[in-house]
Amino acid sequence: MLHSDGGLRLWIIPRYADVRAALFDRRFAQDVRRAQALADSRVEGVNLGSEITHMLSSDPPDHTRLRRVVQAAFSRKRVEAMRPMIERITLELLDGLDAAAAHHTTTATVDLVRDFAFPLPILVVCELLGFPPEDRDLYRKWSTAIVTQEGDHAAFRQAVQEMGSYVLAIADRRIRRNDRPADLLTELLVARERGELTDDEIVGMVALLLIGGHETTLNLLGTSCLALLRDPGQAAWLRADLTRMPGAVEE
């Protein structure tokens, strides 16, 4: 057991068997608003991010309802259909790295995270949602403020409010223009019309995709490349047989 900076008692469960038992124990819950109320009753100033409501912070039946709305968008068939789009974006970014390296006359240096690992997943998420890719620096700023927090609840709250206003402004603009492209935001708006989603839940779903959809891939690409650069033997082993790539990515 340990204590958070705000004095809230926390438990860390490191063993696999204990983690599995906790995940299957219905006495434990995900509902972040209930958790925030519990934290507020014990200590002051602890922020659990209850301003954002999404699938990962809810329990059935809300979790079931939210998941049902988007599960079709992430079916195996739909995800496989995205492959050409993802390959196109990847190749365009790699061409950009080549051009940037060629521009340097003394050393061929590029910033892998800034020029590839960050834009790749965020551009894919933009295509999925139908969001303007030119605003990707905004998405990154909100994501950093929400994920890291760094004890600054004001910055967290501001990022949540800015992102919520941005998402709902795009949604309202589409409704006024009767603009319904074939993307996930349109599906979310249709679900709202059917009474299956609230505005807050739409914002939460978008936040989950913008943040969870790019932070994980960004970190995977950056840390895996760093690991291979630090271990040339493993890099050579992987290059020698690219059929090993799925196992390398999983590892």
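None of the figures in this text is laboratory data; all of them are computed from the coordinates on show. All values reported here derive from a predicted model rather than from experimental measurement. All Cβ positions, even for glycine, are placed from backbone atoms using ideal geometry, and neighbour counts span all protein chains on display.
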Loop-resident sites, the stretch 28-62, for trypsin sites (Lys or Arg not before Pro), counting at most 16 other Cβ within 10 Å (DSSP): 42
Percent breakdown of C-alpha pair distances by 5 Å bin, ordered from the shortest bin, for the stretch 164-213: 5, 21, 33, 29, 10, 2
Sequence-separation-based contact order of the chain, relative, with Cα cut under 8 Å and 6+ spacing, percent: 18
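The stretch 42-92: which GluC sites (Glu not before Pro) are DSSP loop and have at most 15 other beta-carbon atoms within 10 angstrom?
44
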Mean Cβ neighbour count within 10 Å, used as a protection proxy, ranking 170-183, 237-250, 113-126, 63-76 highest first: 113-126, 63-76, 170-183, 237-250
Intensity falloff of the chain expressed as log10 I(q)/I(0), Debye formula with alpha-carbon point scatterers, at q = 0.07, 0.12, 0.13, 0.16 Å⁻¹: -0.31, -0.92, -1.06, -1.39
Gaussian network model of the chain, Cα within-10 Å springs - most flexible of 191, 100, 21: 21
FRET efficiency for residue 155 and residue 81, using Cβ-Cβ distance with R0 set to 30 Å, rounded to 0.05: 0.20
Estimated Rh, the stretch 60-125: Kirkwood, alpha-carbon pairs, angstrom: 14.4
Convex hull per residue volume in Å³, alpha carbons only, for the stretch 57-193: 152
Gaussian network model of the chain, Cα within-10 Å springs - most flexible of 17, 235, 39: 17
Equivalent-ellipsoid semi-axes of the stretch 19-112, from the Cα gyration tensor, Å, largest first: 43, 23, 12
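More than 17 angstrom separation, counting every C-alpha pair in the stretch 203-251; what % is that? Show your work: numbers first, answer last.
Numbers: 542 of 1176 pairs.
For the stretch 203-251, the fraction of Cα-Cα distances above 17 Å is 46 percent.
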